[in-house]
1. What does the charge count near Thr27 come to, summing +1 for each Lys or Arg and -1 for each Asp or Glu among other residues with Cβ under 11 Å from its Cβ?
2. What translational diffusion coefficient, in µm²/s and rounded to a whole number, does the Stokes-Einstein relation yield for the chain at 25 °C and a viscosity of 0.890 mPa s, taking the hydrodynamic radius as the Kirkwood radius over Cα pairs?
3. How do 80-90, 13-23 rank on mean C-beta neighbours within 10 Å, highest first?
4. What is the extension gain from Asp91 to Glu15, computed as 0.36 nm multiplied by their sequence separation minus the C-alpha to C-alpha distance, in nm to one decimal?
Amino acid sequence: MKTAQDIILRPVITEESMQGTAFKKYTFKVAKTANKIEIAKAVEKIFGVKVAKVNTLNVRGQLRRQGRFEGYTPSWKKAVVTLTEDSKTIDFFDGMM
């Protein structure tokens, strides 16, 4: 059985993801095997908020080169979690802006 910490790996901190925090949308890197229901429950358990919906997408690895050698970065799964209107915000992201 997976714990909440096994599902939510880390937050994604980019310019675009930080703009979503104004609309209570938070972006996380999640386990590739996690589904939307597991992600929603994990966010609710870790941060104590109410989740309205979860959007997921698989991010393909990018081609990278080091001299004459080339390879791909690992692929990963991204989840955009939208909170309900009456839910509190996630404190971790409030300090970023």
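Derivation of every value follows stated rules applied to the coordinates shown; laboratory data play no part. Just so you know, these numbers come straight off a predicted model, no measurement behind them. A quick note on method: Cβ atoms are made from the backbone with ideal geometry, for glycine too, and the neighbour counts reach across all protein chains shown.
1. The answer is +3.
2. 171 µm²/s
3. So the peptides 80-90, 13-23, ranked by packing, come out 80-90, 13-23.
4. Once the chain is fully extended between Asp91 and Glu15, it gains 25.6 nm.
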